[in-house]
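Below you'll find the structure I mean.
The values are calculated or read from the model by the stated rules, or taken from the named source; none is laboratory data. Model, not experiment: these values are computed from the prediction. Note that each Cβ is placed from the backbone with ideal geometry, even for glycine, and that neighbours are counted across all protein chains shown. Note: accessible area is taken over every heavy atom of the protein model, side chains too, but ligands, DNA and RNA are not part of it. Shrake-Rupley method; radii C 1.70, N 1.55, O 1.52, S 1.80 Å.
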Amino acid sequence: MSLSIKEFSEMSDLSPQTLRFYHSEGLLVPAEVDGETGYRYYSIEQVATAVLVTALRGAGMSVKDVRRALEAPDTAAALLEEHTGALHRRRGAEDEAIATARELLTAPPGVRRGEAPGTTVLSRTVPPVAVERRGGRPDQYDWDAVTGAVTDTVAELGALAAEHGAAVTGAPWFTWAGETAEQRERALTPEGPHWVAKVPVAAGAEALAALAGEVEVQDFEAREELSIRLPGRNSTPKYAMAHLQLLAHTPEGLFPDHSGMRHILHEDGTETAVRLRPLGEAGEVA
């Protein structure tokens, strides 16, 4: 039984324009096309294909992926699962962006001045993250990759602390890898590594001695800081905003020591903190 495009449109609930588009894209090719009139005719069996195409398109699959699913039915389920995963990731990113936008609108981030207490920290270099290149030069970080690498390193340090009976005492952070001449030299290259992760801990002398055999154990000096907390994911604009806001709010007679800037990890965002020093110490830091 042949159906005209009008009849097939009514039966499949797809407009004639959509059917013509699907024909051109190879999704629903008419069973017959009249060579003289160009009229399209469909078979009754193609209604099932129309239902499947509608369902896949309704799920958000691209025309290209729907065509792949029709051409290789044995891969269709895997293609749908792949699409579903991408869709969930996109929805998660959109939900996160909405939450970030809401917080920026309802509670604009402000600069805070406070004291950061001294503590013991476990320190480890973060594995290098590739830098996107434009015009043959390093241009921009993939900040999601940076955050992922930092988070993994922090998790390793936390596990190491637990293994030796040390307690994590606060939020971890990462800082520019510029604590030694070698780090500074490597940090200025595209290859890096560019960051060092820090986890504050409390432990007895024996535990700290054991930890020192596996990771760098440092004393973090108490300091006065300016900080600003930005919600959501890290990004180049947020990194620049934090720098500029901290610089703009530096109290008179002090200067921000960016060499030790800390990016403190919180569940809902990152707090960037910079040490305040008297202007008289500027030459010493430089």
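Provide the packing ranking of 157-167, 260-270, 29-39, i.e. peptides ordered by the mean count of other C-beta atoms within 10 Å per residue, highest first. Present the calculation step by step, with values, prior to reporting the outcome.
Values: 157-167: 16.1, 260-270: 18.2, 29-39: 11.4.
In decreasing order of mean packing, 157-167, 260-270, 29-39 become 260-270, 157-167, 29-39.
Right, here's the next one. What order do PHE21, PHE255 take when sorted by accessible area (1.4 Å probe), most exposed first? Kindly include the intermediate steps, with their values, before the conclusion.
Details: PHE21 90, PHE255 35 Å².
Ranked from most to least accessible, the order is PHE21, PHE255.
Count neighbours as other Cβ atoms within 10 Å of each site's Cβ, and list the GluC sites (Glu not before Pro) in the range 182-232 that are DSSP loop with at most 15 such neighbours.
Values: sites: GLU182, GLU185, GLU191, GLU206, GLU214, GLU216, GLU221, GLU224, GLU225; in loops: GLU191, GLU214, GLU221.
Answer by residue number: GLU191, GLU214, GLU221.
Moving on to the next point. Heavy atoms only, 1.4 Å probe, whole protein assembly: order TYR239, TYR42 by accessible area, highest first.
TYR239, TYR42
Okay, moving on. Please report the carbon-and-sulfur percent of the accessible area for the range 1-101; probe 1.4 Å, protein heavy atoms only, DNA, RNA and ligands left out. Provide the component values of the computation, followed by the final result.
On the way: 3440 of 6300 Å².
With neighbouring chains kept in place, the figure for the range 1-101 is 55 percent.
Carbon-plus-sulfur fraction of the accessible area of the range 154-286, 1.4 Å probe, in percent?
The C+S portion of the solvent-accessible surface of the range 154-286 is 55 percent.
Out of all Cα-Cα pairs in the range 42-181, roughly what percent, to the nearest whole number, are more than 21 Å apart?
70
Roughly how much of MET11 is accessible, in Å² to the nearest 10, using a 1.4 Å probe?
MET11 has an accessible surface of roughly 100 Å² with all protein chains in place.
Order ILE98, ILE228, ILE44, ILE5 by their accessible area, 1.4 angstrom probe, all chains in place, largest first.
So, going from the largest accessible area down, we get ILE98, ILE44, ILE5, ILE228.
I'd like the orientation of helix 73-106 relative to the chain: the angle between its Cα long axis and the longest Cα principal axis, in ° from 0 to 90, rounded to 10.
Here the helix axis deviates by roughly 50 degrees.
While we're here: Calculate the FRET efficiency for ALA72 and LEU104 from the Cβ-Cβ distance with a Förster distance of 51 Å, rounded to the nearest 0.05.
On the way: r = 45 Å, r/R0 = 0.89.
According to the calculation, E is roughly 0.65.
For the chain, take the longest principal axis of its alpha carbons; what is the angle in degrees between that and the long axis of helix 143-163, to the nearest 10 within 0 to 90?
60
Tell me which label goes with the value of volume of the Cα convex hull per residue in Å³ computed from the coordinates here: [x] 133; [y] 215; [z] 195.
Label of the calculated value: [y].
Hey, what's the chain come to in accessible area per residue, 1.4 Å probe, Å²?
I get 56 Å² per residue for this part.
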